[in-house]
Structures are given as structure tokens and as C-alpha cells.
Amino acid sequence: MPLTRRFALLFFVLAASLASAQDAEVRRAPDVPYLPTTDQAVQEMLKLAGVTAADVVYDLGCGDGRIVIAAAKDFGAHGVGIDINPDRIREANENARKAGVEKLVRFEENDLFKADIHVATVVTLFLLNSVDLQLRPKLLAELKPGTRIVSNTFKMGDWAPDRHVEVQTTEKWFSKDLYLWVVPPKSN
């Protein structure tokens, strides 16, 4: 086999191996089980964040896309959903199409710890206390001061929320705590 052909074959194999390794990295197991946020809690989260048409709402662990779709449909905001599960991303894209907001939202199959979130003005979460706590340094480092973060049910360690509301859902036996933090000014 000529040297140039061997080089091309080696390059192709190496590129395929790197792409496969990157896919394997992105497709690690989700940090939390999929549990959709109720429609009522979605609306309350967006209201708590004060979402407007000027916002870019990121939902980390977006599942079927309901939060960013509601932000676009009900408030005119742009939205980005991040989820590690390709099935959830396919479902979210289909839901956005059905809702007629596919021009206002996009969904990205990615690890929420590695995703670029710096343009977000609102971030929504429905993860776990431990995951929120792991995510906190990223949120504080990458988000601009004034960005609002709303978490459904779970807190971020000793970072006291700016607001806490309890939402009584339609399931009378179940209430949801919603927490709002505002990213503080960066200290020098």
C-alpha cells in the first residue's frame, strides 16, 4: 500500500476513533432520572424568573423541552434545551415543531457540565441537590451578573436563594418548592 494511502487510512481511523470517543463522552449516563416538570410548575418557574421576550432561557436537563417551549410560546423568549439523552432531544424537537416555536428554540445533545451557557439570561433546573451543587461553580463562573436561576425542588448548598415559593400543584398531595437565585456581581 502506498505511503500516502496508508497515511490517509491511518488519518481516517484516527479521526473516527476520536469522534467515537467524543460521542461516548457525551453519551454518559444521565445525572438524574427523567421526571417531567408539571405544566403548572413550568409556568410558575418562568413567572418566578420574570421571563420576557428579551430573555434567552436555558434549561439544563431539558427532557422533552417543555420549559423552553413554554418560554417561547407564552413569553416570546428564545430558549435552549440541553440534555444528554438523544431520545429526549428528538422528543423536544418534535414538541417544538408541534408548538410552532422551532424558530425560537433549539435543543442540544450535550453534557450540562460542558455546555456553553454564557449567553443565558435565565437558567432553569430540575436536577438533584447534589447535581445543583456540582453545577454551581459553572453557573457562577459562566453566567453574567443578573442572570436568574430557577430550580424546581432542589437547592444549591449554602447559597441562599433570593426567593423561595411553594407551588401547590394540581396533585393535592404534592407541592413543589421553587428557588430563585440571581447571579451576583463578580468579585475582583
**Message:** With 10 angstrom as the radius, rank V32, V131 by how many other C-beta atoms surround their C-beta, starting from the fewest.
**Reply:** V32, V131
**Prompt:** What FRET efficiency comes out for the pair A160/D116, r = Cβ-Cβ distance, R0 = 30 Å, nearest 0.05?
**Reply:** 0.65
**Request:** Provide W159, W181 in ascending order of the number of other Cβ atoms located within 10 Å of each residue's Cβ, fewest first.
**Result:** W159, W181
**Amide N of the stretch 112-134 lying under 20 Å from the label point, which is placed 7 angstrom from the Cα of S187 along Cα→Cβ** = 133-134
**Net charge over other residues, Cβ less than 15 angstrom from the Cβ of K155 (K, R count +1; D, E count -1)** = -2
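Filter the GluC sites (Glu not before Pro) in the stretch 116-188 to those in DSSP coil with at most 12 other Cβ atoms within 10 Å of their Cβ, and list the result.
Values: sites: E142, E166, E171; in loops: E171.
Those satisfying the criteria are E171.
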**Request:** Output the relative contact order of the stretch 47-188, whole-number percent, from Cα pairs under 8 angstrom with separation of 6+ residues.
**Result:** 21
**Prompt:** Of all DSSP beta bridges in the stretch 109-188, what percent run antiparallel (nearest 5)?
**Reply:** 75
**Complete:** If the chain between V32 and L133 were fully extended at 0.36 nm per residue, the gain over the current Cα-Cα distance would be 35.0 nm
**Item:** Amide H within-cut-off set for D59, under 5 Å, with H built and near neighbours excluded
**Value:** V80, G81, I82, T124
**Message:** Which of S187, S151 has the fewest other C-beta atoms within 10 Å, and how do the rest follow up to the most?
**Reply:** S187, S151
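Where a number appears in this text, it was derived from the coordinates with a stated rule and is not lab data. Being a predicted model, the structure only gives us computed values, none of them experimental. Reconstructed Cβ throughout: ideal geometry from the backbone, glycine too, with neighbour counts over all protein chains shown.
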